[in-house]
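A.B. asks: Input: one structure, supplied below.
All of the numbers you see were taken from the coordinates with simple rules; none came from a lab. The structure displayed is predicted, hence computed values, not measured ones. Ideal geometry is used to build each Cβ from the backbone, glycine not excepted, and the neighbour counts take in all protein chains shown.
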Amino acid sequence: MKMRKTELLKEAEEKNRLLHRQYEILQKNYAANAQLFHDMNHHLQVIYHLAERGENEKIRAYIAHAARPVQELSGCVWTGVDIVDAIINQKKQLAEEKGYTMDINAQLPYNTGIASDDFCTILSNLLDNCLEAMDRKRRQRGEQPPEGAIQLTLRRINHFILIQASNPCPDIRIKRKGFFPTSKKNKLLHGWGLKSVEAAVRKYEGTFHCEVSEGRFTASAMLFFPETNGKAESLMKK
């Protein structure tokens, strides 16, 4: 009984840590949008005055500079689920900063019935594991970015929602209960992260498993999705 309470406490701490981090990112994204809208009026005024003087070259240069924040935001992956958008955007940005490619293919119903904190737990841990695997391969290659891409798939399959993340990792070995090696300093936290994924998946009568096939490591979570009247919303690739 005491051990079970300890496990529940660890799971709660891990979930709270992930939620706090992702909601901070979400709040930052909203603030960036608000600032962009506020600045747009000033940009239009500058462009108007330049146009009155016929300074077309300056207009083109100014628009190119002012459009950068818009381009950065438009590169986000939007699903209509705020917490999912925030997580994917953060992990994709982190991957690109490290020189990794992340391919995203997703299609989610409007109402998945999956709680935000559970989405946070599953997505964050699976993508973190992909990034860690890429980091490990990078160190083995003398700090050169590894070949291949992180692949993320979110879609509905009949009465289930699939959340799947994979990365190139030909030499990885599956450990007991589907867990796999980690280079994290806190290996206990790594284990609790995967247990948190399993716990979240169990809430939706789903399954979670890992496999290695054709030089890729793939972690898949299948969550039961009851039939609703919601329509599926397509998500842009990459």
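A.B. asks: If each of Ala64 and Glu52 carries a label point 7 Å out from its Cα toward its Cβ, how far apart are those two points in nm?
C.D. replies: Result: 2.6 nm between the two label points.
A.B. asks: Please give the length that would be gained between Arg138 and His42 if that part of the chain were fully extended, namely 0.36 nm times their separation in residues minus their C-alpha to C-alpha distance (nm, one decimal).
C.D. replies: Working: separation 96, 0.36 × 96 = 34.56 nm, distance 4.38 nm.
Full-extension gain reported as 30.2 nm.
A.B. asks: Pairs Lys91/Lys137; Lys92/Lys137; Lys92/Lys203: which exceed 20 Å Cα-Cα? Kindly include the intermediate steps, with their values, before the conclusion.
C.D. replies: Values: Lys91/Lys137 18 Å; Lys92/Lys137 18 Å; Lys92/Lys203 27 Å.
Where the Cα-Cα span goes over 20 Å, the pairs concerned are Lys92/Lys203.
A.B. asks: Continuing with the same structure: Please give, to one decimal in nm, the separation of the simple spin-label points placed at Lys98 and Glu13, each 7 Å out from Cα toward the Cβ.
C.D. replies: Distance between the two pseudo-spin positions: 2.5 nm.
A.B. asks: Are there GluC sites (Glu not before Pro) in the stretch 95-147 that DSSP puts in a loop and that have at most 10 other Cβ atoms within 10 Å, and which ones? List each step's numbers first, then the result.
C.D. replies: Working: sites: Glu96, Glu97, Glu132, Glu143, Glu147; in loops: Glu143, Glu147.
Listed in order of number, the matching sites are Glu143, Glu147.
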